[in-house]
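Below is one structure, written out as structure tokens, with a few remarks after it.
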Amino acid sequence: MLVPKRIDEPELLDEHDAPRDHMERSLRDLRRFNSLYGGASVYRRLLRRVTPPPESILDIATGTADSIESVPGYRVGVDFKIDHLLYMRNGSQVHRVVADALRLPFRDNAFDVVTSAHFFHHLTPDENRRMLRDALRIGRRGVIVNDTRRHYIPYLFVRLLGLLRLVGPITRNDAPASVLRGYTIDEVRAIATGAGAARFEVVRAWPFRFGLLLWK
């Protein structure tokens with residue numbers, strides 16, 4: 001009842017010609033969302049389901065790598081936007097690689113676990129299956145994904161932040177758009193069914209997120 005129709009519209013932060021000051025403000029907004037509104041904590045909670053803890057992690061569409069920075073081990077972050085990878089990188093121990101999420105340049109079983117946070121909504125169902133299959137090829141033990149669930153409550157929340165000018169101009173467009181591009185639990189489950197995992201689990205995560213765990 002409180003789930004809007006999925007609308008797949010491009011986001012401004014993905015464009016190549018976004019003004020640099022607006023881009024940097026949006027990246028700071030995303031880091032603040034992850035820190036204050038559950039993104040980083042959900043990432044860590046889902047990784048704790050992997051026992052023993054992974055010693056190497058690849059994070060797809062890592063942005064500024066703030067999620068993967070919050071966990072230990074050998075860490076590599078991949079993103080197709082070099083400007084995002086370079087922003088706020090000083091002092092980071094995360095290795096950064098420019099690459100397409102659908103054409104990952106890594107050998108089979110190169111990492112213990114492959115992760116992705118707040119990226120699933122950028123892809124169509126078929127593209128997500130492709131990404132998950134490739135991630136399972138690279139991850140020795142499995143793949144962990146989390147993203148925002150499509151629902152009116154997070155949509156109205158980010159719209160309010162925009163109306164109050166608490167986020168930058170790109171985020172005022174992209175945050176509501178990303179919620180509307182998101183998936184429901186049932187849709188995620190249907191996508192995961194075709195990904196080729198030996199088994200998988202879809203879990204709800206507060207606030208209005210989902211976790212998808214796929215095992216080999």
Check your understanding: Quick one: ASP134 ticks every box in (1) under 22 Å from ALA65 (Cβ atoms); (2) among the charged types (D, E, K, R); (3) in contact with an Asp or Glu (Cβ under 9 Å, 6 or more places away or on another chain) bar one, so which box is it?
Key -> (3)
Review point. Quick check: is even one residue across segment 36-45 among the hydrophobic types (A, V, I, L, M, F, W, C), under 26 Å from PHE208 (Cβ atoms) and free of Cβ contacts under 8 Å to residues at least 40 places away in the same chain?
Key: yes
**Study point:** Exclusive hit being surrounded by fewer than 22 Cβ atoms within 10 Å (Cβ to Cβ) and closer than 23 Å to ARG149 by Cα, set HIS22, HIS122
**Key:** HIS122
Exercise for review: Provide a single number: the residues in segment 70-98 that are buried (at least 18 other Cβ atoms within 10 Å of the Cβ) and either free of Cβ contacts under 8 Å to residues at least 24 places away in the same chain or assigned to a helix (DSSP H, G or I) (or both).
Suggested key: 5
Check your understanding: Looking at segment 160-202, which of its residues are crowded, with 18+ Cβ neighbours inside 10 Å, in a loop (DSSP other than H, G, I, E, B) and of a type in the set (A, V, I, L, M)?
Key -> VAL167, ALA195, ALA197
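Values in this text are rule-based calculations from the coordinates and carry no lab data. Given the structure is predicted, the values throughout are model-derived calculations rather than measurements. A quick note on method: Cβ atoms are made from the backbone with ideal geometry, for glycine too, and the neighbour counts reach across all protein chains shown.
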